[in-house]
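Student: There's a structure below that I have some questions on.
We did not get these values from a lab; they are worked out from the coordinates using the rules stated. Bear in mind that the values here come from a model prediction, so they are computed numbers and not experimental data. So basically every Cβ, Gly included, is an ideal-geometry build from the backbone, and we count neighbours across all protein chains shown.
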């Protein structure tokens, strides 16, 4: 039995918009056992004196691509899988160093990589993989060159590393079952055009009503849900109507559609930092010119979408969607959102809201008895200085996941 007491700390989590001073937290066997405003006594426990620093739940990023080790994602298939996995592991270790103890992969990672993290073979955040994202032929996940013909087994075609191509109800059902078999914890679909894909317009729609409903039905049979890449009001609304639970990006959403999402108690996970990073550095890393031209359609609408979602009381998750070397900007998402949301709302998105989205409310994202001991210590008050969460973890003195320290002072 191992035990740690965080003594004399201030607590900030998604439960209330205040910094709770003079608290003490007992961690035992990987779980939070006690939270008290009085000193805690436990025989044999290590005492970590925080002297008023802020204790927070480990951060949660609900939209990452750990296998996207290159900005030009169409070239990922040129890398040997063994190299790709090792590069992904390096990206994940850096995420943990920024205080992200849990991430949801939105296409590319499988159950094997999640197991490698659980077994300690890879040092990184707890991983909720989506497997390969599902895309129709010509959709956002279809990065094949136009000169390459369609093949009977398109999901195995060259040029696809983060997604698979499925068309028709029967094929969609089989793809969902296959990704769940391989360890996916939720299913990702492409419900509209995108930026990184070369040929589909942003406004194009992915999948028919029958196909999406079949995908949702198969996911629900495994007691999980579907997340959908979608930008436009039409793509978002029809996804919600067909049973999708989580909308990714949503930059072009309007107020009636946001209210429709809220009425369905669904989530939206904006990913604003990726558009800023691609706008500033994408060309330097080989991001295609066709994709850079589409970038403007969604980049400038990002902050406005946050205002619309907040006003409609939509459950807003926290995501980043960065690619390759641009992953270093992950924590910049906090600062971009600060132009449209309060620090507490942003922290809540990256903790309690994302925990609910992942169906792990009460288990992660909160400092409460019974929750996993995923904890970070901040050198200051993030409610008054959100910049303390920016960067590469410079202002985080301690990082703990499942009761194990991954960073602490020497």
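Student: So for the pair residue 328, residue 290, with labels modelled 7 Å out along Cα→Cβ, what separation do we get in nm?
Tutor: So the two model labels end up 3.0 nm from each other.
Student: Measuring from label point to label point, each 7 Å out along Cα→Cβ, what is the residue 264 to residue 121 span in nm?
Tutor: Between residue 264 and residue 121, the label points sit 3.7 nm apart.
Student: Using only alpha carbon positions, build the gyration tensor of the chain, then give the equivalent ellipsoid semi-axes as the square roots of 5 times its eigenvalues, largest first, whole angstrom.
Tutor: Numbers: eigenvalues 256, 96, 80 Å².
So the equivalent ellipsoid measures 36, 22, 20 Å along its semi-axes.
Student: Shifting gears a bit: What would the Debye equation give as log₁₀ I(q)/I(0) for the range 254-307 at q = 0.16, 0.17, 0.20 Å⁻¹, counting only Cα atoms as equal point scatterers?
Tutor: Debye output, listed in q order: -0.58, -0.63, -0.76.
Student: To continue, here is another question. How far is the Cα center of the range 349-394 from the Cα center of the range 293-327, in Å?
Tutor: Between the Cα centre of the range 349-394 and that of the range 293-327, the gap is 20 Å.
Student: Here is a further query. Taking 51 Å as R0, compute the FRET efficiency from the Cβ-Cβ separation of residue 234 and residue 41 and round it to 0.05.
Tutor: On the way: r = 60 Å, r/R0 = 1.17.
With R0 = 51 Å, the Cβ-Cβ based efficiency is 0.30.
Student: Related question: If you split all Cα-Cα distances of the range 233-326 into 5 Å bins from zero, what percentages do you get per bin, shortest first?
Tutor: 3, 14, 25, 21, 15, 12, 8, 3, 0
Student: Mind pulling the angle between the C-alpha long axis of helix 169-181 and the longest principal axis of the chain? Nearest 10 degrees, somewhere in 0 to 90.
Tutor: Around 30 degrees separate the two axes.
Student: Here's a follow-up. Quote to one decimal, in nm, the extra length available between residue 311 and residue 94 on full extension: 0.36 nm per residue of separation minus the C-alpha distance between them. Please report the intermediate quantities before stating the final value.
Tutor: On the way: separation 217, 0.36 × 217 = 78.12 nm, distance 3.41 nm.
Using 0.36 nm per residue and subtracting the Cα-Cα distance, I get 74.7 nm.
Student: Further, regarding this structure: Specify, per residue and in Å³, the volume enclosed by the convex hull of the alpha carbon atoms belonging to the range 266-409. Walk me through the intermediate numbers first.
Tutor: Values: hull volume 18.6 nm³, N = 144.
In the range 266-409, the Cα hull volume divided by residue count equals 129 Å³.
Student: In whole Å, what are the extents of the range 1-145 along the principal axes defined by its C-alpha atoms, from largest to smallest?
Tutor: Result for the range 1-145: principal-axis Cα extents of 63, 33, 21 Å.
Student: Return the Rg/Rh ratio of the range 5-69 with Cα-based radii and a Kirkwood Rh.
Tutor: Values: Rg = 14.7 Å, Rh = 13.4 Å.
When Rh is taken as the Kirkwood radius, the ratio is 1.10.
Student: To the nearest 0.05, how large is the calculated FRET efficiency for residue 407 and residue 209 if R₀ is 60 Å and r is the Cβ-Cβ distance?
Tutor: Details: r = 48 Å, r/R0 = 0.80.
E between residue 407 and residue 209, to the nearest 0.05, is 0.80.
Student: Sort 364, 189, 336 so that the residue with the fewest other Cβ atoms within 10 Å of its own Cβ comes first and the one with the most comes last.
Tutor: On the way: 364 23, 189 34, 336 19.
Taking fewest neighbouring Cβ atoms as first place, the list is 336, 364, 189.
Student: State, to one decimal in nm², a quarter of the convex hull surface area for the C-alpha atoms of the range 44-89, i.e. the direction-averaged projected area.
Tutor: Mean orientational projected area (the range 44-89, Cα hull): 6.4 nm².
Student: Here is a further query. Cα centroids of the range 31-54 and the range 328-344: how far apart, whole angstrom?
Tutor: Cα centroid of the range 31-54 versus Cα centroid of the range 328-344: 30 Å apart.
Student: Using alpha carbons only, how many degrees (0 to 90, rounded to 10) separate the axis of helix 209-221 from the longest principal axis of the chain?
Tutor: For 209-221 against the chain, the angle is about 40 degrees.
Student: How high is the relative contact order of the range 1-154, in percent, counting Cα pairs under 8 Å that sit 6 or more residues apart? Present the calculation step by step, with values, prior to reporting the outcome.
Tutor: Details: 253 pairs, mean separation 27.1, N = 154.
Over the range 1-154, the number comes to 18 percent.
Student: Now a separate question. Please work out the Cα center distance from the range 58-80 to the range 221-260, rounded to the nearest Å.
Tutor: 23 Å
Student: If I histogram all Cα-Cα distances within the range 347-410 using bins 10 Å wide from 0, what percent of pairs lands in each bin?
Tutor: The calculated distribution, bin by bin, is 21, 47, 31, 1.
Student: A follow-up question, please. Over the range 59-330, what relative contact order in percent results from Cα pairs under 8 Å that are six or more residues apart?
Tutor: Working: 593 pairs, mean separation 52.6, N = 272.
After rounding, I find 19 percent.
Student: What residue among 373, 116, 175 shows peak mean-square fluctuation when the chain is described by a Gaussian network model with Cα springs under 10 Å?
Tutor: 116
Student: Obtain the nm distance between the two label points defined at residue 363 and residue 335 by a simple spin-label model: each point lies 7 Å from its Cα along the Cα-to-C-beta direction.
Tutor: Each label point is offset 7 Å from its Cα along the Cβ direction, giving 3.4 nm.
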